[in-house]
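The values are calculated or read from the model by the stated rules, or taken from the named source; none is laboratory data. Computed from a predicted model, the values in this text were never measured in an experiment. Counting neighbours? That spans all protein chains shown, and the Cβs are built from the backbone with ideal geometry, glycine included.
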Amino acid sequence: MILLFVTTSYDPSDSQLSEAAALARKLGGRFIQRRRMTLAQLRQRFGDEDILLLTKDRMEYHHELRLPLFFHPSTAAVRIKRLRNGEKDPLLQLAGIGPGDRIVDCTAGLGSDAIVFSFAAGPEGAVTAIESASIPAFLLQQGLRTYHSEVPGLDEAMRRIEVLQKDHAEVLKAMEPGSCDVVYFDPMFRQPITESSSIKAIRGLADDRALSPESVALARRAARRAVILKEHRDSAEFGRLGFAEVHRSSTKIAYGVIRC
């Protein structure tokens with residue numbers, strides 16, 4: 001991954017400056033001191049559009065034509081709070097996730113579902129989050145490692161997740177038959193839900209290819225229990241990919257299930 005330059009928020013600490021310079025070296029980009037310049041002024045002066053901004057609390061990816069992209073547990077924190085209060089989670093119920101399970105999230109994005117899977121699977125379980133796009137994968141790796149939450153169990157769930165920046169088909173092909181419990185797909189919807197600001201931020205950066213029948217076949221081979229597909233509730237992808245069992249929610253999403 002190449003980010004054209006790395007900078008900081010205004011009035012950075014020495015540790016922020018050191019971290020930003022180290023990140024620039026790691027990513028093959030340039031470290032530029034922010035001083036009192038706006039991001040627009042930085043672009044105007046240095047002629048670049050892509051910026052990794054290191055603030056006190058997080059890293060943000062900025063592109064001139066997109067909303068800022070950054071890691072946040074998002075709805076995962078809300079869902080984990082509900083689980084701790086004894087409420088049910090529809091995705092976990094469909095997948096039958098419990099302590100000790102191994103889950104492979106093939107299209108992790110910024111990891112919201114992977115975090116919930118990890119919380120439910122517990123310390124004895126394992127969650128692999130695969131993200132082929134370099135920028136989301138980098139933000140996910142850094143965020144899972146450094147984000148701190150006040151929700152009990154959330155930090156531990158994040159730290160347990162293994163992130164792979166690879167094509168999910170390659171990973172599935174290398175897996176032994178029946179070597180995980182659940183394989184999960186949440187690809188970019190063919191019919192976008194435009195109200196979601198988080199999806200707007202990642203669209204154009206994440207892999208937007210349609211899920212292939214070959215990947216579904218590989219997932220069925222790898223999973224012992226189920227293959228799950230999340231899509232728009234009116235999507236034709238369920239039928240095209242062989243997900244005859246479809247559970248529609250009261251929102252605009254649905255889950256397709258193939259029992260293994």
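The C-beta contact set for the stretch 129-141 (first residue closer than 15 Å to LEU27 by Cβ and of a type in the set (A, V, I, L, M, F, W, C), second residue in a helix (DSSP H, G or I) and at pLDDT below 90, distance under 8 angstrom, 6+ apart or interchain) comprises PHE138/LEU27. Among the conditions (1) more than 26 Å from LEU164 (Cα to Cα); (2) of a type in the set (A, V, I, L, M); (3) not in a loop (DSSP other than H, G, I, E, B), the only one that ALA76 does not satisfy is (1).
Restricting attention to the stretch 23-47, which residues are buried (at least 17 other Cβ atoms within 10 Å of the Cβ) and outside any strand (DSSP E or B)? LEU23, ALA24, LEU27, GLY29, ILE32, ARG34, LEU42, ARG43, listed by residue number.
With respect to GLY109, is the statement that it is assigned to a loop (DSSP other than H, G, I, E, B), crowded, with 17+ Cβ neighbours inside 10 Å and either β-branched (Val, Ile, Thr) or touching a residue at least 24 places away in the same chain (Cβ under 8 Å) (or both) true?
yes
The combined condition, being over 22 Å from PRO12 (Cα atoms), of a type in the set (Gly, Ala, Ser) and not assigned by TED's automatic domain parsing to the domain that holds GLY122, is not fulfilled by GLY100.
Criterion applied to ARG66, ARG36 was being more than 30 Å from ALA120 (Cα to Cα) and either under 24 Å from the mean Cα position of the chain (by Cα) or in contact (Cβ under 8 Å) with a residue 60 or more places away in the chain (or both), and the one residue passing it is ARG66.
None of VAL183, VAL171, VAL227, VAL163 is β-branched (Val, Ile, Thr), at pLDDT 95 or above and either assigned to a helix (DSSP H, G or I) or touching a His at 6+ places or on another chain (Cβ under 8 Å) (or both) except VAL171.
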